[in-house]
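Step one of this worksheet: look at the structure below.
The values are calculated or read from the model by the stated rules, or taken from the named source; none is laboratory data. If you're wondering where the values come from, they're calculated on a predicted model, not measured in any experiment. In this analysis, Cβ positions are derived from the backbone assuming ideal geometry, glycine residues included, and neighbour counts consider all displayed protein chains.
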């Protein structure tokens, strides 16, 4: 059987024994049995910091007989940073800016009062910090009707995104999509709070509903999966230094 061979519908078999990290011009390389890991695009998986390389090496080392690629969040994010981001920095930054144009934190429930108070208590400090430290401004709205934000807000978020290197930009875009919020993604990037704390803030309304009516098994599985992605994002940002 060829190395990495998989039958249709099967997960690929683990084809290596040892995982290591080695210095490489421009960063650190993850190796499987002394062979460099490569991205789907064929590039060598060179990471900018040793901590990030070890995060990804740990994912490969933790695999069993079959490779669970869907669970290797840091590896997939690194593939994106290397293969996709360099040629798509402008559209990636524009995508993040679109989240700022209709940011989750700006849309408040009309009722009940206890929920609106919780939203204000937990979301307003993050918005205030984004306004104070990132030069953003936001209009809060009640209900689900779209509220246009000042034009300078998405423009500023786009500019902030383009200031980042490819690895941080990949993380920021991933976070904005995960949270439905550019503000929470920026907060996680800048360590105003952890990426998992940002995830909890992003699902404030869902948590309220769960407190009222309970949570079904399918929803719990989805929440656990997304929480795992948030934890990986936290390690990703912190590993970049």
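For region 28-47: of the residues being part of a loop (DSSP other than H, G, I, E, B) and more than 24 Å from the chain's Cα centre (by Cα), which is modelled with the lowest pLDDT? Give the steps one after another, and end with the answer.
In the first step, residues of region 28-47 are kept if they are part of a loop (DSSP other than H, G, I, E, B); the result is 33-34, 37, 39-43, 45.
Applying the additional criterion that residues be more than 24 Å from the chain's Cα centre (by Cα) yields 33-34.
Details: 33: 96, 34: 89.
Filtering first and then ranking leaves 34.
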Looking across region 151-190 at residues that are touching a helix residue (DSSP H, G or I) at 6+ places or on another chain (Cβ under 7 Å) and outside any helix (DSSP H, G or I), the single one that is farthest from residue 229 (Cα to Cα) is 164
If we ask which residues in region 205-241 are at pLDDT 95 or above and either outside any helix (DSSP H, G or I) or closer than 20 Å to residue 114 by Cα (or both), their number turns out to be 1
Determine if region 163-183 includes at least one residue that is crowded, with 20+ Cβ neighbours inside 10 Å, in contact with a strand residue (DSSP E or B) (Cβ under 9 Å, 6 or more places away or on another chain) and assigned by TED's automatic domain parsing to the domain that holds residue 101. yes
With criteria (1) modelled with pLDDT of 95 or more; (2) under 19 Å from residue 63 (Cα atoms); (3) surrounded by 14 or more Cβ atoms within 10 Å (Cβ to Cβ), residue 13 comes up short on (1)
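Take the residues in region 88-128 that are touching a strand residue (DSSP E or B) at 6+ places or on another chain (Cβ under 9 Å) and in a helix (DSSP H, G or I); name whichever of them is surrounded by the most Cβ atoms within 10 Å (Cβ to Cβ). Quick ask: steps written out before the conclusion?
Step one: filter region 88-128 for residues touching a strand residue (DSSP E or B) at 6+ places or on another chain (Cβ under 9 Å), giving 106-110, 115-116, 119-120, 123.
Checking the rest, the ones that are also in a helix (DSSP H, G or I) come to 106, 115-116, 119-120, 123.
Values: 106: 19, 115: 18, 116: 14, 119: 19, 120: 13, 123: 23.
Checked region 88-128; the qualifying residue surrounded by the most Cβ atoms within 10 Å (Cβ to Cβ) is 123.
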Note on residue 57: of the conditions (1) in contact (Cβ under 8 Å) with a residue 40 or more places away in the chain; (2) not assigned by TED's automatic domain parsing to the domain that holds residue 155, unmet is (1)
